[in-house]
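**Student:** Quick one: this structure, given as structure tokens, is what I'll be asking you about.
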Ligand code: FES
Ligand code: FES
């Protein structure tokens, strides 16, 4: 995929739309639908008659090679194939933010990201944020400020917040934090404490 | 010496696990040879299934089973007796009858979740549809039946010589009458329901989010036709409850029955869309409140009637006047009445402040209208009508500091400078206004709760009880209460919850978890300390061998007496014991003769855009009288979260029931709106921290070895939600002069009148 041509909010260039539009090169190499016999002969193996795509990405700093159905989302691949279950599925359609991860340092919704688009990219999940036992400042701030209750939205909130500060330069006011964190729903409504946590962690991170 | 953490800010014991993604929710568990299920749901609201064609799904890759209604392979049974009210009244997938739009009609099981989902889309169903009953206005109204606490849902108390409530109203100087409507609301816990069922012989282990683990497992056993002890339910991390995880829905029995039939573990995860029809909602309802008062605003008559839906499969009995209009204000004439209309709509369930949130919206809006009609300040009006005895029963409260909530809240918020005249504060395109309302929520103490305390030879303790932590902080509460009772630091206490192998725990419902749990933890600690002393005087290698227990004193984890002092860990090591444990007696009811409620006062400021009608909440202060506070940090979060539910109630949340089809119109988070960060200002919450001297038993006088500092608590999961929507609506009135009685207050309801 040609990253230069990606623009707008989905700057990482790994949205489903970009894959379907710009990703046809990959589809041409590994036909999406092919018969069982052909598949055996073809370079790309098939599962259930669907040619699999080989994804080579760095996940939380380690090289990962995984063959996936071209339709598999990054979210399902992380959770079901790579056993990284810290990333949560709250809606599976880009409406809640629970599945937020980083691709090349940018926050993306992994439920709207095809795994196949992440080859050559760095994927970071909540499991990759802490430095061994040392929590990332954002994680630490969420604990200290009680920026969570049930915790289900929390991995997404934290990944979103970290990229908001690191990749997007942070927020200059509480209102800006609120605005820029509004893609992450928290039904427990820890919102005010999430704002406190981000305000604090941002100081440490900057 | 450790100081007690009770009432201070304590980080959640599971905070680290939650911020690192290591906390495992039901859908995160795996099992060898796991198969994956996906449901197909009905597209009519009432009728029968005439055919289900599974052929395409069966031919689809990886598919192991297509179960289709009426399905004979799944063994599911009626739930009877007490547990019957704890689940739906039909056997999922067992008959061809469709009872609501979005009911499970087929289930595909496949090797992978994707295969199951894809194949489910290939199942075709044909129906013989009948017109659904969908209108609470048009369907016959019947009495709602007893309230959740067993009180009658209709009640009339008249002053001597008064013939009827209508007569009492007619005789009042000032009368306010208002009708309120709200649509269906949904719990929307962020974790969609997920179930993993693993059989081992005739034993099944279920991973599922459940607010009341014990009864949930009991109903499950009956559904599966097995003994209660054959079901183990693990519900350690739960992604929000709010009422949707109280009863046994169709999802868990279907997953477990499929796993049994297939001979493999099965995982079923509901989609967000399915959550809207398969896991309950708050009923839509209409309420009419009539208040009669003197010109000074002193109430002479209160009447509160409601009509709500009653789904056919399982229903939460909606009695919105219960614990609101029948409890809040002193009045010589009181009339409450709750009716329902049977509809073909998905099952309903209690949702945060189930009766009280809608009830208080109606009553507290009407009180604001009375304040306007009489010219009495809203705070003054409420203080003037404060009840000192419970209006419906005449009983005193165990603890009530509502007047202090009003006064402190008014002071913190700066209520005094308020203009009662609408539309007096304009700033550019924004109209500003302020409003207030009262919060009230009953405190029920559930019987039968048991806690167990283990003392270990490494000077740590384990406190166990099968309650559930939905994000409430109950695991941390258990640790703090245990630490206070044993006089040791919280870090040395491991709480164990969320597993039916543990002693029966408190239901995580009705704001009752905390006050049902703490006395049992204290009692178990008391018993284990007695056991420790008994061991100290009987064990051979103990320095106190042969002494009398009266010679020993336990203090802060250490036994003292006769010139010796040993920590309990040291003593256990010395006598060669790895640990000892004791359970509490099963918890009972509080002493009779009192009513128990928590109280609060909300104050808020909104701004409404003059041109678009958009409403933003700009300031919010809540003062809550919730008894003893165990963990100020988590308690504040609970109250703040409750208030934000009120913001959703007032401004955002509704699902329309389509009258023709019986379909709930919204089924995603893009069309059912819940508050997001930008909708929420900072929320100022204060807790009075006044221990309730009755609800959890005598408070303790410091004379015992066991610490009693956590007694006197009341739960607080719901009180923030009650009344907060009314405070916002009242502020909108103050800003605009427009009274909206049909929530949510969306801009279309304002824009034509601005
Ligand atoms: S799961 Fe991806 S946005 Fe909700
Ligand atoms: S902490 Fe529960 S949804 Fe955010």
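The values are calculated or read from the model by the stated rules, or taken from the named source; none is laboratory data. Bear in mind the structure is a predicted one, so any value in this text is a computation, not a measurement. Neighbour counts run over all protein chains shown; Cβ positions are idealised from the backbone, glycine included.
**Student:** Does residue B:668 satisfy the criteria of being within 8 Å of another protein chain (Cβ to nearest Cβ) and in contact (Cβ under 8 Å) with a residue 60 or more places away in the chain?
**Tutor:** When the stated conditions are applied, residue B:668 passes them.
**Student:** So, in the range B:17-31, how many residues would count as being assigned to a helix (DSSP H, G or I), at the interface with chain A (Cβ under 7 Å from one of its Cβ atoms) and buried (at least 21 other Cβ atoms within 10 Å of the Cβ)?
**Tutor:** Matching residues across the range B:17-31 total 2.
**Student:** Please give the number of the condition residue A:71 fails out of (1) within 9 Å of chain B (Cβ to nearest Cβ); (2) at pLDDT 95 or above; (3) more than 30 Å from residue B:476 (Cα to Cα).
**Tutor:** For residue A:71, the exception is condition (2).
**Student:** List pairs: first in the range A:79-90 and over 15 Å from residue A:128 (Cα atoms) and without any contact (Cβ under 8 Å) to a residue 40 or more places away in the chain, second within 11 Å of ligand 1 (Cβ to nearest atom) and assigned to a loop (DSSP other than H, G, I, E, B), Cβ under 7 Å, 6+ apart or cross-chain?
**Tutor:** A:89/A:98; A:89/A:99
**Student:** Being away from chain B (no Cβ under 11 Å), in contact (Cβ under 8 Å) with a residue 40 or more places away in the chain and over 9 Å from residue A:74 (Cβ atoms) is the filter here; which residues of the range A:117-136 pass it?
**Tutor:** Hits for the range A:117-136 are A:119, A:120, A:121, A:122, A:124.
**Student:** Also: Looking at the range A:122-137, which of its residues are away from ligand 2 (no atom under 16 Å from the Cβ) and surrounded by 24 or more Cβ atoms within 10 Å (Cβ to Cβ)?
**Tutor:** A:123, A:125 - these are the residues of the range A:122-137 that are away from ligand 2 (no atom under 16 Å from the Cβ) and surrounded by 24 or more Cβ atoms within 10 Å (Cβ to Cβ).
**Student:** Another question about this same structure. Restricting to the range A:125-183, count the residues that are within 20 Å of residue B:237 (Cβ to Cβ), out of contact with any strand residue (DSSP E or B) (no Cβ under 6 Å at 6 or more places or on another chain), in a helix (DSSP H, G or I) and within 16 Å of ligand 1 (Cβ to nearest atom).
**Tutor:** Number of matching residues: 5.
**Student:** Got at least one residue in the range B:350-373 being at pLDDT 95 or above, touching a helix residue (DSSP H, G or I) at 6+ places or on another chain (Cβ under 7 Å) and surrounded by fewer than 20 Cβ atoms within 10 Å (Cβ to Cβ)?
**Tutor:** No, because not a single residue in the range B:350-373 is at pLDDT 95 or above, touching a helix residue (DSSP H, G or I) at 6+ places or on another chain (Cβ under 7 Å) and surrounded by fewer than 20 Cβ atoms within 10 Å (Cβ to Cβ).
**Student:** Which condition from (1) within 26 Å of residue B:658 (Cα to Cα); (2) in a loop (DSSP other than H, G, I, E, B) is the one that residue B:105 breaks?
**Tutor:** Every listed condition holds for residue B:105 apart from (2).
**Student:** If you go through the range A:85-105 one residue at a time, how many are surrounded by fewer than 21 Cβ atoms within 10 Å (Cβ to Cβ) and either facing chain B (nearest Cβ under 8 Å) or farther than 14 Å from residue A:123 by Cβ (or both)?
**Tutor:** The number of residues fulfilling the criteria is 3.
**Student:** Among B:45, B:104, B:110, B:59, which is in contact (Cβ under 8 Å) with a residue 60 or more places away in the chain and within 14 Å of chain A (Cβ to nearest Cβ)?
**Tutor:** None of the other options fit; the residue is B:110.
**Student:** Give the residue, chosen from B:162, B:142, B:125, that is on the phi < 0 side of the Ramachandran plot and touching a helix residue (DSSP H, G or I) at 6+ places or on another chain (Cβ under 8 Å).
**Tutor:** Within the list B:162, B:142, B:125, the selection yields B:162.
**Student:** Of the residues B:420, B:439, B:373, which single one is outside any helix (DSSP H, G or I) and touching a strand residue (DSSP E or B) at 6+ places or on another chain (Cβ under 7 Å)?
**Tutor:** Step by step, each of B:420, B:439, B:373 is checked, and only B:439 is outside any helix (DSSP H, G or I) and touching a strand residue (DSSP E or B) at 6+ places or on another chain (Cβ under 7 Å).
**Student:** Shifting gears a bit: Can residue A:82 be described as out of contact with any helix residue (DSSP H, G or I) (no Cβ under 7 Å at 6 or more places or on another chain) and at pLDDT 95 or above?
**Tutor:** Spelling it out, residue A:82 is indeed out of contact with any helix residue (DSSP H, G or I) (no Cβ under 7 Å at 6 or more places or on another chain) and at pLDDT 95 or above.
**Student:** Run down B:395, B:402, B:431 and say which single residue is farther than 30 Å from residue B:591 by Cα and touching a strand residue (DSSP E or B) at 6+ places or on another chain (Cβ under 7 Å).
**Tutor:** Sole residue among the options that is farther than 30 Å from residue B:591 by Cα and touching a strand residue (DSSP E or B) at 6+ places or on another chain (Cβ under 7 Å): B:431.
**Student:** Hey, any hits in the range B:476-485 for a residue that's more than 27 Å from residue A:146 (Cβ to Cβ) and touching a strand residue (DSSP E or B) at 6+ places or on another chain (Cβ under 8 Å)?
**Tutor:** no
**Student:** Tell me yes or no: at least one residue of the range B:180-203 is assigned to a loop (DSSP other than H, G, I, E, B), more than 14 Å from every other protein chain (Cβ to nearest Cβ) and touching a helix residue (DSSP H, G or I) at 6+ places or on another chain (Cβ under 7 Å).
**Tutor:** Within the range B:180-203 (the criterion being assigned to a loop (DSSP other than H, G, I, E, B), more than 14 Å from every other protein chain (Cβ to nearest Cβ) and touching a helix residue (DSSP H, G or I) at 6+ places or on another chain (Cβ under 7 Å)), the answer is yes, since at least one residue qualifies.
**Student:** Scanning for something touching a helix residue (DSSP H, G or I) at 6+ places or on another chain (Cβ under 6 Å), away from chain A (no Cβ under 14 Å) and assigned to a helix (DSSP H, G or I), does the range B:558-570 turn up at least one residue?
**Tutor:** yes
**Student:** How many residues are surrounded by fewer than 17 Cβ atoms within 10 Å (Cβ to Cβ), over 12 Å from residue B:571 (Cα atoms) and touching a residue at least 24 places away in the same chain (Cβ under 8 Å) if we restrict to the range B:528-556?
**Tutor:** Residues flagged as surrounded by fewer than 17 Cβ atoms within 10 Å (Cβ to Cβ), over 12 Å from residue B:571 (Cα atoms) and touching a residue at least 24 places away in the same chain (Cβ under 8 Å) within the range B:528-556 amount to 5.
**Student:** Inspect all residues belonging to the range B:452-469 and state whether any of them is surrounded by 22 or more Cβ atoms within 10 Å (Cβ to Cβ), more than 16 Å from ligand 1 (Cβ to nearest atom), within 14 Å of chain A (Cβ to nearest Cβ) and within 24 Å of the chain's Cα centre (by Cα).
**Tutor:** The answer is yes; a qualifying residue exists.
**Student:** So which of B:505, B:510, B:482 ends up being crowded, with 20+ Cβ neighbours inside 10 Å and on the phi > 0 side of the Ramachandran plot?
**Tutor:** Testing whether each residue is crowded, with 20+ Cβ neighbours inside 10 Å and on the phi > 0 side of the Ramachandran plot leaves just B:510.
**Student:** Inside the range B:689-744, can you point out the residues that are surrounded by fewer than 21 Cβ atoms within 10 Å (Cβ to Cβ) and part of a strand (DSSP E or B)?
**Tutor:** The one that is surrounded by fewer than 21 Cβ atoms within 10 Å (Cβ to Cβ) and part of a strand (DSSP E or B): B:742.
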